[in-house]
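The values are calculated or read from the model by the stated rules, or taken from the named source; none is laboratory data. Note that the structure is a prediction, hence the values are computed from the model and not measured. Protein only, heavy atoms only, side chains kept; ligands, DNA and RNA dropped before computing areas. Shrake-Rupley method; radii C 1.70, N 1.55, O 1.52, S 1.80 Å.
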Amino acid sequence: MTEATAPKEARRRRERLNDLLVDTFDAILRIEEQSLNNRITKGCTIAEIHTIAAVGMYNKDPMGLVAGRLGVTLATLTTAIGRLEKRGLVQRERDQADHRRVLVSLTKEGRKICRAHDMFHRQMVEGALADLTEEEEVVFEGALSKVKHFFDDHVD
């Protein structure tokens, strides 16, 4: 490869990597939506399932902490939690130590959805990495960690 073709090849490789990232992200969302559309999830949207996952299986956390996990405002989370509470999937209660704080936790039904979501992700990772050697998996983990670090640094 000559010096003149090197930048062109690098651009093509970056375009292919962009396509792979976008296509992979879209495929994960589609597969997650299809896989989690069942009787356990009770018609929840992916956003609602991710809210349930952010609340956590046995956590009883302040609303602000959960909003931070999701990267949403407290007002946005309050609306989402209100809908989930009406459906019996989460519960809110005042913090006994500080009555200004509202704690949120999952109900038994909410924990079922959280478990289904966790299982989906475990099975997805197992399936996606099944054909990689241990060495390839280690290299992939390192590269993906660097990519994630870039995105983490660019989130508001």
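Surface composition of the chain: carbon plus sulfur atoms hold 56% of the accessible area, using a 1.4 angstrom probe and ignoring ligands, DNA and RNA. Helix content alone sets the calculated 222 nm mean residue ellipticity of the chain: runs of n ≥ 4 DSSP H residues at -39500 (n - 2.57) each, divided across all residues, give -22500 deg cm²/dmol. Amide H to amide H, with H built 1.01 Å from N, Val90 comes under 5 Å of Glu85, Thr107, counting only residues 5 or more places away or on other chains.
Using the 1.4 Å probe convention, the accessible area of the chain works out to 72 Å² per residue with neighbouring protein chains retained.
Centre-to-centre separation between the Cα atoms of the range 1-46 and those of the range 100-156: 15 Å. The string of couplings for the range 117-128 from the Karplus curve (6.51, -1.76, 1.60, θ = phi - 60°) is 5, 4, 4, 4, 5, 4, 5, 4, 5, 4, x, 5 Hz, one whole number per residue in order, with x for Gly and Pro. Overall shape of the range 1-125 was characterised from the C-alpha gyration tensor. The equivalent ellipsoid obtained from it has semi-axes of 39, 19, 11 Å, in decreasing order.
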